[in-house]
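To start, the structure itself, in structure tokens.
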Amino acid sequence: MNLLRPKYLKYVVLGLISALVVTCWPRKEKPKGHPRDYAEIKESGILHAATEYNSISFYVDGDTVSGFHYELIEAFARDKGLQVQVSPVMSFNQRLEGLADGTYDVVAYGIPATSELKDSLLLTSPIILSKQVLVQRKVGENDSLAIRSQLDLAGKTLNVVKGSPSILRIRNLSNEIGDTIYVNEENTYGDEQLIIMVAKGEIDFAVCDETIAREMSKHYPEIDFSTDISFTQFRSWALRLTSPLLLDSLNIWLKDIKKSPEFQKLKTKYYKKKR
């Protein structure tokens, strides 16, 4: 049985094309080595942002571009009289590399506000709450293959996006249970592609964002994402340490927009829980 649902096949192809092609064009227009803060961004009139291509952050449906982080960064740019160029980049490491070398001004994606990341990045005030979950295929409740507890992860191999913050959580979890949990880092695929690979039986386990897993379960009901890997965490956008003025501008704007009906509508559209 082909598990790539016809309705979803076009979306997956677009996501992979975006990962391979779209990430390149900002580098041509805006050379590396020119990290900017808010004054330079305002002068140029263009804000460069990176995000991930998935059904929550950024996606293309026909001639329409949508997504929670895409629509939110668009609203910020519009309110500040800026244009925004959003590049979907599947690799977490590549998003951070592009941020560091000045290709992007902000990573508009839900990044967990961990103490480790705070040492190397500026993180905005919290935008949303989410957590990491284990994605596996549904089996019988008493099936020996089912992972129902974090203790059951001993000796298992978990597939994650290369460079993902969830890797540190898995390593800590390995220490907590006193046994080895193996990690396979995927450099090409994002969360959604990993979930499809689980559904197709190509891999057994993936660790992904709960919101993305919930959305994907509508298309792939054979997946199970009921086992938590992390606690619920605040998620923020990321900036370079050398962009404090952009951080201030974003935080002031976020403080106001989060009180608005528009933000609540946007959050409900993408983060309303449906199981």
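The values are calculated or read from the model by the stated rules, or taken from the named source; none is laboratory data. Treat the numbers as computed from the prediction; the structure is a model and nothing was measured. Note that we place each Cβ from the backbone using ideal geometry, even for glycine, and neighbour counts take in every protein chain shown. Please note that ligands, DNA and RNA were not included when accessible areas were found on the heavy atoms of the full protein model with its side chains. Shrake-Rupley method; radii C 1.70, N 1.55, O 1.52, S 1.80 Å.
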(request) Run down the aspartates and glutamates and flag those whose C-alpha is under 12 Å from the C-alpha of LYS80, throwing out any fewer than 8 positions away in its chain. (result) GLU43
(message) I'm spelling it out carefully: the read-out is Rg/Rh (Cα atoms, Kirkwood Rh), the candidates are (i) 0.97; (ii) 1.01; (iii) 1.21, and one was derived from this structure. Which label?
(response) (i)
(request) Search the structure for amide H atoms under 5 Å from the amide H of ASP224, placed 1.01 Å from N in the peptide plane, and list their residues when 5 or more places away or on another chain. (result) GLN136, ARG137, LYS138
(request) For each pair in LYS131/LYS200; LYS156/LYS218; LYS162/LYS272; LYS131/LYS272, compute the distance between the two Cα atoms and list the pairs where it is over 22 Å. (result) LYS131/LYS200; LYS156/LYS218; LYS162/LYS272
(message) What distance in nm separates the two pseudo spin-label positions at THR64 and ASN184, each 7 Å out from Cα along the beta-carbon direction?
(response) 3.7
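With a 1.4 Å probe and all protein chains left in place, how much of the accessible area of the chain comes from carbon and sulfur atoms, in whole percent?
Numbers: 6840 of 12930 Å².
Of all accessible area on the chain, carbon and sulfur atoms account for 53 percent.
So how do 259-267, 127-135, 229-237 stack up, highest first, on mean other-Cβ count within 10 Å? Could the numbers behind the result be given before it?
Working: 259-267: 12.3, 127-135: 21.8, 229-237: 19.0.
In decreasing order of mean packing, 259-267, 127-135, 229-237 become 127-135, 229-237, 259-267.
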(message) Rg and Dmax in Å for region 225-275, alpha carbons only: what are they?
(response) 14.8, 41
(request) Give me the angle, in degrees from 0 to 90, between the Cα long axis of helix 68-79 and the longest principal axis of the Cα atoms of the chain, rounded to the nearest 10. (result) 10
(request) Taking H placed 1.01 Å from N in the peptide plane, check which residues at least 5 places from SER87 or on another chain put their amide H under 5 Å from its amide H. (result) ALA49, ALA50, THR51
(request) Quick one: what are the phi-derived ³J(HN,Hα) couplings along region 248-256, Karplus 6.51/-1.76/1.60 with θ = phi - 60°, whole Hz, x for glycine and proline? (result) 4, 5, 5, 5, 5, 5, 4, 4, 6
(request) Tabulate in residue order the Karplus-calculated ³J(HN,Hα) for region 221-238, using 6.51 cos²θ - 1.76 cosθ + 1.60 with θ = phi - 60°, rounded to whole Hz; enter x for Gly and Pro. (result) x, 7, 8, 10, 10, 7, 9, 7, 9, 10, 6, 5, 10, 5, 10, 9, 8, 10
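Listed highest first by mean packing, meaning other Cβ atoms within 10 Å per residue, what order do 157-169, 77-89 come in? Let's see the in-between values first.
Details: 157-169: 20.1, 77-89: 17.8.
Those peptides, ordered most packed to least, come out 157-169, 77-89.
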(request) Taking just the C-alpha trace of region 158-275, give me its Rg and Dmax in Å. (result) 17.2, 47
(request) Consider a paramagnetic label point 7 Å from the Cα of ASP79 along Cα→Cβ; state which residues of region 240-269 have an amide N under 12 Å from it. (result) 249-264
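Calculate the FRET efficiency for LEU241 and THR157 from the Cβ-Cβ distance with a Förster distance of 30 Å, rounded to the nearest 0.05.
0.30
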(message) Taking θ = phi - 60°, what integer Hz values does the Karplus form 6.51 cos²θ - 1.76 cosθ + 1.60 yield along region 90-107, in sequence order, with x for Gly and Pro?
(response) 6, 7, 4, 4, 5, 5, 5, 5, x, 5, 5, 8, x, 5, 10, 8, 8, 9
(request) Find how many whole Å separate the alpha carbon centroid of region 168-214 from the alpha carbon centroid of region 72-87. (result) 32
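Taking only DSSP H segments of four or more residues, each worth -39500 (n - 2.57), what value at 222 nm results for the chain once the sum is divided by all its residues, to the nearest 500 deg cm²/dmol?
-11500 deg cm²/dmol
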(request) Return one number: the angle in degrees, 0 to 90 and rounded to the nearest 10, between the long axis of the Cα atoms of helix 261-271 and the longest principal axis of the Cα atoms of the chain. (result) 30
(request) Work out, step by step, the length gained on full extension between GLU97 and LYS259: first 0.36 nm times the residue separation, then minus their alpha carbon distance; give nm to one decimal. (result) 55.1 nm
